[in-house]
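Just below is one structure, and these are the notes that go with it.
The values are calculated or read from the model by the stated rules, or taken from the named source; none is laboratory data. It should be emphasised that the depicted structure is a prediction, and the values quoted were computed from it without experimental measurement. All Cβ positions, even for glycine, are placed from backbone atoms using ideal geometry, and neighbour counts span all protein chains on display. Side chains included, ligands, DNA and RNA excluded: accessible areas come from the protein's heavy atoms. Shrake-Rupley method; radii C 1.70, N 1.55, O 1.52, S 1.80 Å.
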Amino acid sequence: MAQKQTPSGPTQRQQRVAELIRHALAEVLQRGDIQDPVLGSHVVTVPEVRMSPDLKLATAYVMPLGGQDEAPVIAALERHKKILRQEVARRVNLKFAPDLRFRRDETFDEAARIDQLLRSEKVQRDLESAPRDDDEGEPDSSSRD
């Protein structure tokens, strides 16, 4: 009997639905449709949404602009999860409105960590001592004629 192979990443449908939900959430948060003092005082970005394989759970990765007050913003989004789900369902035409889950987006931290590593003294020293591959020592091929 042939075994069903699981894909290594999200399917094209999962990615398309995730992007639709990301746009819908961003629009709701931008317009200020949710009346909450925490959400009203912060600009919240939604850089990524990931869907479960059955499209019934959407995990939204969010980050307040500037990275400040992350916990209160995520708590406010969790409090208004039901309203956000209704607004997403209204904007995105799906058979079932997915449950929403909010998580802190850690890609900014990862980018800052990599940037710090690249600027470290050890990496700079290695870059200075590495041989160059741009063939500076060889004459130009156009001057050989």
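Tabulated data for the structure shown
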| read-out | value |
| --- | --- |
| Residue in segment 54-96 that is farthest from Ile34 (Cα to Cα), counting only those that are crowded, with 20+ Cβ neighbours inside 10 Å and of a type in the set (Val, Ile, Thr) | Val62 |
| Residues of segment 21-35 that turn out to be out of contact with any strand residue (DSSP E or B) (no Cβ under 9 Å at 6 or more places or on another chain) and open to solvent by less than 20 Å² (accessible area, probe 1.4 Å), as a count | 3 |
| Among the residues listed as Val62, Val73, the single one being without any contact (Cβ under 8 Å) to a residue 40 or more places away in the chain and among the β-branched types (Val, Ile, Thr) | Val73 |
